[in-house]
1. Stretch residue 126-residue 91 to full length: gain in nm at 0.36 nm per residue minus the Cα-Cα span?
2. Given the alpha-carbon gyration tensor of the stretch 110-217, what are the semi-axes of its equivalent ellipsoid in whole angstrom, ordered largest first, with each equal to the square root of 5 times an eigenvalue?
3. Kindly list the residues of the stretch 126-141 that lie in the label zone of residue 204, defined by a backbone N under 17 Å from the point 7 Å along the Cα-to-C-beta vector.
4. What relative contact order, as a whole-number percentage, does the stretch 110-217 give when Cα pairs under 8 Å and 6 or more residues apart are counted?
5. Taking neighbour counts of Cβ atoms within 10 Å as a proxy for exposure, in what order, fewest first, do 135, 216, 160 appear?
6. Run the numbers for residue 178 and residue 115: contour at 0.36 nm per residue of separation, minus the present Cα-Cα distance, in nm.
C-alpha cells in the first residue's frame, strides 16, 4: 500500500513538472518526439535501401560471372564446331582421293635409250606424268631428275659424256687385246652398262606412282 502511495506521488510530481513547462515547451517537446520518430523511420528505410542496393550489387556480380561462364561455354562450342567441320572436310577429301585412285585409269611407262652421249628416258604410255622426280645412275655416275610434267611420248634427256668416253676407251682396249692375242677379254662379248633408275610421279588425279627397275643396257654406240 505504501509503494502504491509512493508511485502515485511520483506521478503527481511528474505531471506537475510537465504542467510547469508551459504551452510553448510542450510544443517543442512534441516536435522533438516527432523528429525522433520520423528520424528513426528514415534511418530504418535508409538502412533497408542500403541493404537492397548491396543485394542488387551482389546479384549483378553473380549475373556477370554467369555471363562470363556462358561466354566461355559458347566459345568452346564454337571451337568444337569448327574442329568438327574441319574433320568432316578432311574426311571428304580422303574419300575423294580414294575414289579417284580406284576409278582412275593411268597409263605411263618408261623406256631408257642411248642417244650418243645422252641417256633418254621416254614416256611410252598414253597419259601425262606430273611432278616427275628421282634419278638415273649409270656405272656409278648419277643424274637427278626434276621435271614438272612429261606428256605421252615425251622424253627426259640426261647427259653422261664421261660414262660414254670411259665405255668407248674400255672397248678400244679390249678389241686391241683381242686383235693381238685372239683371246677376248672377259665381258667383251656382252659388254653392257649398268643402269639404276628411280622415277616417281603423280597422275592428273594426284595418285602417286613409281618406276624402279634395274636394267642392263647394251653398247652406247649401238
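1. Going from the current span to full extension adds 9.4 nm.
2. Values: eigenvalues 241, 27, 24 Å².
Ellipsoid half-lengths, sorted descending, are 35, 12, 11 Å.
3. Backbone N within reach: 126-132.
4. Over the stretch 110-217, the number comes to 28 percent.
5. Ascending Cβ contact count within 10 Å gives the list 216, 135, 160.
6. Using 0.36 nm per residue and subtracting the Cα-Cα distance, I get 20.0 nm.
Here, each number is a calculation from the coordinates, and none is a lab measurement. The structure displayed is predicted, hence computed values, not measured ones. Cβ: placed from backbone, ideal geometry, glycine included. Neighbour counts: every protein chain shown.
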